[in-house]
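Shown next, in structure tokens, is the structure this report addresses.
The values are calculated or read from the model by the stated rules, or taken from the named source; none is laboratory data. Treat the numbers as computed from the prediction; the structure is a model and nothing was measured. Cβ placement follows ideal geometry from the backbone for every residue including glycine, while neighbour counts extend to all protein chains displayed. The accessibility values were calculated without ligands, DNA or RNA, using every heavy atom of the protein model including side chains. Shrake-Rupley method; radii C 1.70, N 1.55, O 1.52, S 1.80 Å.
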Amino acid sequence: MSDRPDYAEMNQLLYTGKAKDIHTLTERYIHEWKRPVKEVLEEGLIAGMAVVGEDFKNNILYVPEVLIAARAMKAGMKIIRPILSESGEVQPAGVLLMGTVKGDLHDIGKNLVCMMAEGAGFEVVDIGVDANAEMFIEAVKEHQATILGMSALLTTTMGYMAKVIEEMGAAGLGHIPCTVGGAPVTQMFADEIGADGYADDAASAVELFLELMKATSA
Ligand code: B1M
């Protein structure tokens, strides 16, 4: 048996959602073969998830396949996360605070965004659904979030995103980029309410988060 990780195989297993295999390989590469956690995370997991994101964006993969791939990603992260938080070997791409706004219980899209962001190396804090401005603000402070994402699926709840942005500013958190998305949300609406960014799918959301993180650290 070779002791050189086969990351192309690992990417393929992740793409096809083989959670058990991903768990086994992650454990083997890190614990038995002593490969650096950063290498396994970036070359084995994040690289695989990046292809999933790209293919989702291009309508080659659909929601169920992405959810299955994300579950495989989670199986690998289960091993990696505790090591990362102890070693500090890999700095997260940012801390993403994500929630569906007040009055809205739709969370499938939000969960996809969270999974993709985790796949791209973000530490993700998901405050769930029906989240009001106070909940967003408290969680941003508690987790020292570096970026905020809001989801809304109803035309009756999307307006609440403006309230969160306004309250974030009033709480002295105007420097944290506020991003928005969800089926009824558009770039025009995002501009109107003063959001820092809008994305219409989960893969684009991750690209947006990475761009905003680059811009804020420059
Ligand atoms: Co609801 N529902 N629903 N629903 N539901 C819609 C949204 C609706 C369009 C159906 C319709 O009438 N055709 C309609 C909204 C109409 C409108 O406002 N314009 C609607 C309605 C009316 C309702 C209720 C009011 C129905 C009722 O009770 N009378 C009710 C409201 C409950 C509430 O929230 N208070 C309700 C309830 C429900 C269920 C609970 C049954 C269920 C939700 C289950 C759940 O989420 N756990 C549900 C579902 C499943 C839907 C549909 C069928 C599917 C939504 C979905 O998950 N899409 C939806 C109709 C439809 O879209 N075909 C509908 C898949 C998901 C991957 O896409 O969420 O758009 P989406 O996320 C995408 C992007 O938008 C983006 O990335 C994701 C992945 O690419 N994205 C972001 C999402 N959030 C982002 C955040 C970002 C960036 C990108 O931040 C930066």
| request: Determine whether residue 105 is over 26 Å from residue 76 (Cβ atoms), within 12 Å of the ligand (Cβ to nearest atom), in the same structural domain as residue 185 (by TED's automatic domain parsing) and among the hydrophobic types (A, V, I, L, M, F, W, C). | output: yes
| request: Can you tell me which residue among 165, 137 is outside the structural domain of residue 69 (by TED's automatic domain parsing) and away from the ligand (no atom under 14 Å from the Cβ)? | output: 137
| query | Scanning region 112-124 for residues that are open to solvent by 20 Å² or more (accessible area, probe 1.4 Å) and either free of Cβ contacts under 8 Å to residues at least 24 places away in the same chain or assigned to a strand (DSSP E or B) (or both), which turns out farthest from the ligand (Cβ to nearest atom)? | reply | 123
| Test set (1) touching a residue at least 12 places away in the same chain (Cβ under 8 Å); (2) assigned to a loop (DSSP other than H, G, I, E, B); (3) more than 13 Å from the chain's Cα centre (by Cα) - residue 168 fails condition number | (2)
| remark: Over region 127-166, the set of residues open to solvent by 50 Å² or more (accessible area, probe 1.4 Å) and under 18 Å from residue 190 (Cβ atoms) is 153, 154, 155, 156, 163, 166
| field | Residues of region 168-194 satisfying the condition of being within 12 Å of the ligand (Cβ to nearest atom) and open to solvent by 20 Å² or more (accessible area, probe 1.4 Å) | value | 182, 183, 184, 186, 187
| query | Which of the residues that make up region 1-34 are assigned to a loop (DSSP other than H, G, I, E, B), more than 20 Å from residue 84 (Cα to Cα) and touching a residue at least 24 places away in the same chain (Cβ under 8 Å)? | reply | 3, 16, 17, 18
| query | Quick one: how many residues across region 78-111 are open to solvent by less than 10 Å² (accessible area, probe 1.4 Å), of a type outside the set (A, V, I, L, M, F, W, C) and not in a loop (DSSP other than H, G, I, E, B)? | reply | 3
| message | Can you find a residue that is in contact with a helix residue (DSSP H, G or I) (Cβ under 6 Å, 6 or more places away or on another chain), of a type in the set (Lys, Arg) and under 15 Å from residue 203 (Cα atoms) anywhere in region 46-60? | response | yes
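I'd like to know if region 153-162 contains one or more residues that are more than 13 Å from the ligand (Cβ to nearest atom), within 22 Å of residue 135 (Cβ to Cβ) and not hydroxyl-bearing (Ser, Thr, Tyr).
Residues of region 153-162 more than 13 Å from the ligand (Cβ to nearest atom): 162.
Restricting the remaining residues to those that are within 22 Å of residue 135 (Cβ to Cβ) gives 162.
Filter once more, keeping what is not hydroxyl-bearing (Ser, Thr, Tyr): 162.
Yes, because at least one residue in region 153-162 is more than 13 Å from the ligand (Cβ to nearest atom), within 22 Å of residue 135 (Cβ to Cβ) and not hydroxyl-bearing (Ser, Thr, Tyr).
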| field | Matching residues, region 53-77, being at pLDDT 90 or above and open to solvent by 40 Å² or more (accessible area, probe 1.4 Å) | value | 54, 58, 59, 60, 62, 63, 64, 65, 67, 68, 71
| query | Taking the stated definitions as given, is residue 19 at negative phi, open to solvent by 50 Å² or more (accessible area, probe 1.4 Å) and among the small types (Gly, Ala, Ser)? | reply | no
